[in-house]
Amino acid sequence: ATNIVLIYLDSEGQIAPRESMIVWFKRAVRENHALSAWQLANAYANGNGVKGSEEDAFYWAEFSAFLGHPEAQTVVGNFYFNGRVGPRRPEAGLALIVQAAKERDNPAMLKVAEHFASSGDLGMAWRVLDLAYRRGMEKSERSNRLSDFLISRSADQTAKSIEDYAYNGRFETLIQSTEPDYLAAQRDFSERIRPYSE
């Protein structure tokens, strides 16, 4: 199933109508293909090939996130963090965002930079934000506000003194500290996985 999905995606949807691919996306998810779950999330969010459903879109986004898709992790993490679907779960939200930042997902890195800034580690916040910018993250009102704040506190100069080993060590510490929350959220989701149906 995963191979069929990859051929479909490589063809940019030219070889089959989207609605006929839904069953293949679901089959590929059974093979732990995170991108297929993300495709389902987008299909349900936009009513593309299926009847639109916010609930189903979020379910498949969560599925994709817990299979390791960085963009899904960032989206779901922000939903958890802000309580957009269900109760507010900031610890689980941050844990998912940190997982995405491990893969250098730019929006996740912005959130991690904000986390370091709010915890007073301004040099580290600048390093993460700067790396996201160098990786092509588009500037936004939010990132500009953070950048201006960090520059006003000379965080850009402090960041120069943070050696790579220290940067990696601080990032690893954040990953380890959020791991229990990530695993708890993953267990919670695994208890809500629906029986497979095409």
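General observations
- Mean-position separation - Cα centroids, the stretch 31-80 and the stretch 150-198, in angstrom: 20
- Applying 1/(1 + (r/R0)^6) with R0 = 30 Å to the Cβ-Cβ distance of E141 and E19 gives a FRET efficiency near 0.20.
- Accessible surface for L183 stands near 70 Å², nearest 10, in the context of the full protein assembly shown (1.4 Å probe).
- Reciprocal mean inverse distance between Cα atoms of the chain - Kirkwood radius, Å: 18.0
- Heavy-atom accessible area order for V112, V75, largest first, 1.4 Å probe: V75, V112
- Sites matching trypsin sites (Lys or Arg not before Pro) across the stretch 124-198 that sit in DSSP coil, with at most 11 neighbouring C-beta atoms within 10 Å: R135, K139, R192
- In the chain, helical runs assigned H by DSSP with n ≥ 4 each contribute -39500 (n - 2.57); averaged across all residues and rounded to the nearest 500, the mean residue ellipticity at 222 nm is -23500 deg cm²/dmol.
- Annotation: average projected area of the stretch 92-177 is 5.1 square nanometres, based on the convex hull of Cα atoms across all directions.
- Residue-wise HN-Hα couplings along the stretch 18-24, as the Karplus relation 6.51 cos²θ - 1.76 cosθ + 1.60 with θ = phi - 60° gives them from phi, are 4, 4, 7, 8, 4, 4, 6 Hz; Gly and Pro carry x.
- Evaluated over the stretch 1-42, the Cα radius of gyration and Dmax, each in Å: 8.9, 24
- Violating pairs (Cα-Cα greater than 26 angstrom) within the set K26/K51; K51/K111; K51/K139; K111/K160; K26/K111: K51/K111; K51/K139; K26/K111
- In terms of overall dimensions, the C-alpha atoms belonging to the stretch 44-156 reach 51, 28, 24 Å along their principal axes, ordered largest to smallest.
- Karplus-derived 3J(HN,Hα), 6.51/-1.76/1.60, for each residue of the stretch 58-73, Hz, glycine and proline x: 5, 4, 6, 5, 4, 4, 4, 4, 7, 8, x, 6, x, 5, 5, 4
- Here is the P(r) of the stretch 1-105: all C-alpha pair distances, binned every 5 Å from 0, give 3, 15, 21, 22, 18, 12, 7, 2, 0 in whole percents.
The values are calculated or read from the model by the stated rules, or taken from the named source; none is laboratory data. None of these values were measured; they are calculated from a predicted model. A quick note on method: Cβ atoms are made from the backbone with ideal geometry, for glycine too, and the neighbour counts reach across all protein chains shown. Ligands, DNA and RNA are excluded from the accessible area calculation, which covers all protein heavy atoms including side chains. Shrake-Rupley method; radii C 1.70, N 1.55, O 1.52, S 1.80 Å.
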